[in-house]
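Q: I'd like to ask you about the structure that follows.
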Amino acid sequence: MKILIIGADGFIGGHCANYFSKKFNNVFLAGTKKDGILNKNYYLLTHENTDFNLLFQHNEYDICINASGYANVSLSFENPAKDFELNVVNVHKILLAIRRYNPKCRLINFSSAAVYGNPIKLPITENSKLLPLSPYGFHKLQSESLLTEYHKFFGIHTCSLRVFSAYGVGLKKQIFWDLYQKINQKIKNNIDIEIFGTGEESRDFIFIDDLIFAIDLIIQKANFEGECINVSSGIETKIKDVVSIFYENWDKNIAFNFSGKIKIGDPNNWKADIKQLEQMGFISQVSIYEGINKYIKWLKEQE
């Protein structure tokens, strides 16, 4: 099987590259890091006005995993044009290139649970109402529509993954990275650790190893008919609990409090219905406790 991973320098893309390079011989990578060209199967992309035709003109792939894009809700409010370009325009360019040069290639694109916003009820199924709270969520929804459009009208085999709260080794943003940064700020400035929200908010976390396992199953078993699939553990965890796990395993003497302030674009509670994924054979292997400890171990190795 020949696989192309776009966004191979990012968190999910990098883990995909490591995993599938061990499983298949023909794995091609595309990213924006100039040192990547030391790999003969690496395509160097530009940050602006990316030309994806170059990726498909001389190679035909069985699978393309698009792990590129822009995953920052707050910044999507500050710069919606950039978010639109990276999460919608570039997806359309990839679809155009596949249609033109490699129409049999199956495309996996990473959407987000942000398309759901604040769900009316839990767990959230793929048929739940879509109520995005941010430009990021709207743009991910638009990218899903493009994949469905290109399957319906042009026969391109596509699948959108609605990933919930993915985390793990190598991720330098989002909640656990922020909790780590707050420790450093406390030491440096002698300030109390304050966390957004009330702590009663909840998320459905998935450790990166489980996410990669899910992607592998989807490659093997999904229909690729423009469908959307929830990807997560299916377990709801309150923010106050994950914060407690993190700090207790870092240093039991760390004190913290919740500010009650809510970040713009943040939903209240998430829990995914993952029956579609489970029917493919998915079972979450890494508990939130194990995952946080793996992440903490990695953080301490970086110091």
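The values are calculated or read from the model by the stated rules, or taken from the named source; none is laboratory data. These numbers come from a predicted model, not from an experiment. Glycine also receives a Cβ, built like all others from the backbone with ideal geometry; neighbour counts cover every protein chain displayed.
Q: Mind counting the residues in segment 111-155 that are without any contact (Cβ under 8 Å) to a residue 12 or more places away in the chain and hydroxyl-bearing (S, T, Y)?
A: Of the residues in that region, 1 qualify.
Q: In segment 179-203, how many are of a type in the set (A, V, I, L, M, F, W, C) and in a loop (DSSP other than H, G, I, E, B)?
A: Initially, segment 179-203 is screened for residues of a type in the set (A, V, I, L, M, F, W, C), giving 179, 183, 187, 191, 193, 195-196.
Among the residues that remain, those that are also in a loop (DSSP other than H, G, I, E, B) are: 191, 196.
The qualifying residues number 2.
Q: Please determine whether any residue of segment 244-267 is closer than 26 Å to S74 by Cα, surrounded by fewer than 18 Cβ atoms within 10 Å (Cβ to Cβ) and basic (K, R).
A: Taking every residue of segment 244-267 in turn, at least one turns out to be closer than 26 Å to S74 by Cα, surrounded by fewer than 18 Cβ atoms within 10 Å (Cβ to Cβ) and basic (K, R).
Q: Another question, if that's okay. Being within 23 Å of I219 (Cβ to Cβ), in the same structural domain as C159 (by TED's automatic domain parsing) and surrounded by fewer than 22 Cβ atoms within 10 Å (Cβ to Cβ): is that true of S111 here?
A: Details: within 23 Å of I219 (Cβ to Cβ): yes; in the same structural domain as C159 (by TED's automatic domain parsing): yes; surrounded by fewer than 22 Cβ atoms within 10 Å (Cβ to Cβ): no.
Judged against the criteria, S111 is not a match.
Q: A follow-up question, please. Taking the condition of being within 20 Å of the chain's Cα centre (by Cα) and not in a helix (DSSP H, G or I), how many residues in segment 281-303 meet it?
A: 6
Q: Tell me, please, whether a residue that is crowded, with 23+ Cβ neighbours inside 10 Å, more than 22 Å from D51 (Cβ to Cβ) and touching a Gly at 6+ places or on another chain (Cβ under 8 Å) can be found in segment 177-199.
A: No, segment 177-199 contains no residue that is crowded, with 23+ Cβ neighbours inside 10 Å, more than 22 Å from D51 (Cβ to Cβ) and touching a Gly at 6+ places or on another chain (Cβ under 8 Å).
Q: Can you pull out every residue in segment 179-211 that is over 24 Å from N269 (Cα atoms) and either of a type in the set (D, E, K, R) or assigned by TED's automatic domain parsing to the domain that holds N109 (or both)?
A: Once the filter is applied, which keeps residues that are over 24 Å from N269 (Cα atoms) and either of a type in the set (D, E, K, R) or assigned by TED's automatic domain parsing to the domain that holds N109 (or both), segment 179-211 yields K186, K188, D192.
Q: Output the residues belonging to segment 111-151 that are assigned to a loop (DSSP other than H, G, I, E, B) and in contact with a strand residue (DSSP E or B) (Cβ under 9 Å, 6 or more places away or on another chain).
A: Residues satisfying the conditions are S111, S112, Y116, L122, P123, T125, E126.
Q: Inside segment 1-108, counting only strands (runs of 3 or more DSSP E) that do not spill past its ends, which hold 2 or more residues that are under 21 Å from the mean Cα position of the chain (by Cα) and not basic (K, R)?
A: Working: elements: 2-6, 26-31, 42-44, 63-66.
The qualifying strands (runs of 3 or more DSSP E) are 2-6, 26-31, 63-66.
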